[in-house]
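Presented below is the structure to which this report refers.
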Amino acid sequence: MRIGVVSIFPSYLEPMRMALLGKAIDRGIVALDTYDLRDWTHDVHRAVDDSPYGGGPGMVMKPTVWGPCLDDVCPDDALLVVPTPAGVPFTQATAQAWSREKHIVFACGRYEGIDQRVIDDAAKRVRVQEVSIGDFVLIGGEVAVIAMVEATVRLIDGVLGNASSHQQDSFSDGLLEGPSYTRPPVWRGLEVPEVLRGGDHAKQQQWRREQSLARTRERRPDLLPPEQ
Ligand SMILES: Nc1cc(-c2ccc3cc[nH]c3c2)n[nH]1
């Protein structure tokens, strides 16, 4: 998978070159290109924003800068993702779908966002998804991109050491993951549940399912399947 990220703060994206994501890049599973939007500005001040039509607070990012940039960095067969609080919710299903893409380009907005015509114009040529990572407002799209790239890339074969890890994720079966434990068996007077310390794998699987259902019922009843 090739990933392109456009930002006015490309160094904000450096965490993606660390740890497991960094190893996926080193191993050639993922290629990461970061681009500085200001390289497509055409004035001495390298302006990327301007005042909003119709008034209102803040500034809007210029189509005359974003347009030429996306023309250069986003080929017709790529998926263009624009993080925004006004987007469709990003979910595990989104990550699963994106993990099968060959090339994803992320457009990181700042200020009050990107002139809508940039998205409308791009949509004539490429698949565009305006996506939200949650009902809260960030200062820019970069943090959302790091979260979405991590959720997506970890699902690509070979990225996670233990292939079964993501098959037991929260949400992989639609439910929240239950509690996890490791040694010591007793810590500060708190014991690891007996069933996990035994060897009956069928009982352990049943216990984990019950824990997932209980936690989902308590924290995210909206995720429960109808009959639960
Ligand atoms: N889910 C979510 C996305 C964002 C977001 C995305 C892009 C920009 C650009 C300026 N502010 C932004 C905020 N906040 N929350």
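Scan the stretch 31-53 residue by residue and report those that are touching a Leu at 6+ places or on another chain (Cβ under 7 Å) and assigned to a loop (DSSP other than H, G, I, E, B). Give the steps one after another, and end with the answer.
Filtering the stretch 31-53 down to residues touching a Leu at 6+ places or on another chain (Cβ under 7 Å) leaves 34, 48.
Once the filter is applied, which keeps residues that are touching a Leu at 6+ places or on another chain (Cβ under 7 Å) and assigned to a loop (DSSP other than H, G, I, E, B), the stretch 31-53 yields only V48.
Out of V137, V159, V153, V128, report the one residue that is within 9 Å of the ligand (Cβ to nearest atom), modelled with pLDDT of 95 or more and on the phi < 0 side of the Ramachandran plot.
Among V137, V159, V153, V128, only V137 is within 9 Å of the ligand (Cβ to nearest atom), modelled with pLDDT of 95 or more and on the phi < 0 side of the Ramachandran plot.
Condition check: charged (D, E, K, R), surrounded by 16 or more Cβ atoms within 10 Å (Cβ to Cβ) and over 15 Å from I119 (Cα atoms). Does D43 satisfy that?
Spelling it out, it is not the case that D43 is charged (D, E, K, R), surrounded by 16 or more Cβ atoms within 10 Å (Cβ to Cβ) and over 15 Å from I119 (Cα atoms).
Residues that are on the phi > 0 side of the Ramachandran plot, away from the ligand (no atom under 12 Å from the Cβ) and touching a residue at least 40 places away in the same chain (Cβ under 8 Å): does the stretch 56-72 have at least one?
Looking through the stretch 56-72, at least one residue is on the phi > 0 side of the Ramachandran plot, away from the ligand (no atom under 12 Å from the Cβ) and touching a residue at least 40 places away in the same chain (Cβ under 8 Å).
Can you tell me which residue among L196, L213, L176 is in contact (Cβ under 8 Å) with a residue 12 or more places away in the chain, surrounded by 11 or more Cβ atoms within 10 Å (Cβ to Cβ) and part of a loop (DSSP other than H, G, I, E, B)?
After ruling out the rest, the residue left standing is L176.
For the subset of the stretch 103-118 comprising residues that are of a type in the set (A, V, I, L, M) and more than 12 Å from the ligand (Cβ to nearest atom), which member is farthest from I133 (Cα to Cα)?
Going through the stretch 103-118, the residues of a type in the set (A, V, I, L, M) turn out to be 104-105, 107, 114, 118.
Filter once more, so that each one left must be more than 12 Å from the ligand (Cβ to nearest atom): 104-105, 118.
Details: I104: 17, V105: 16, V118: 21 Å.
Checked the stretch 103-118; the qualifying residue farthest from I133 (Cα to Cα) is V118.
Tally the residues that are of a type outside the set (K, R) and in contact with a helix residue (DSSP H, G or I) (Cβ under 8 Å, 6 or more places away or on another chain), restricting the search to the stretch 102-125.
Of the residues in the stretch 102-125, 10 are of a type outside the set (K, R) and in contact with a helix residue (DSSP H, G or I) (Cβ under 8 Å, 6 or more places away or on another chain).
Which ones in the stretch 12-30 are under 17 Å from H103 (Cα atoms), in contact (Cβ under 8 Å) with a residue 12 or more places away in the chain and in a helix (DSSP H, G or I)?
Result: M16, L21, A24.
The values are calculated or read from the model by the stated rules, or taken from the named source; none is laboratory data. Model, not experiment: these values are computed from the prediction. Here Cβ is always computed from backbone atoms with ideal geometry, including for glycine, and neighbour counts include all displayed protein chains.
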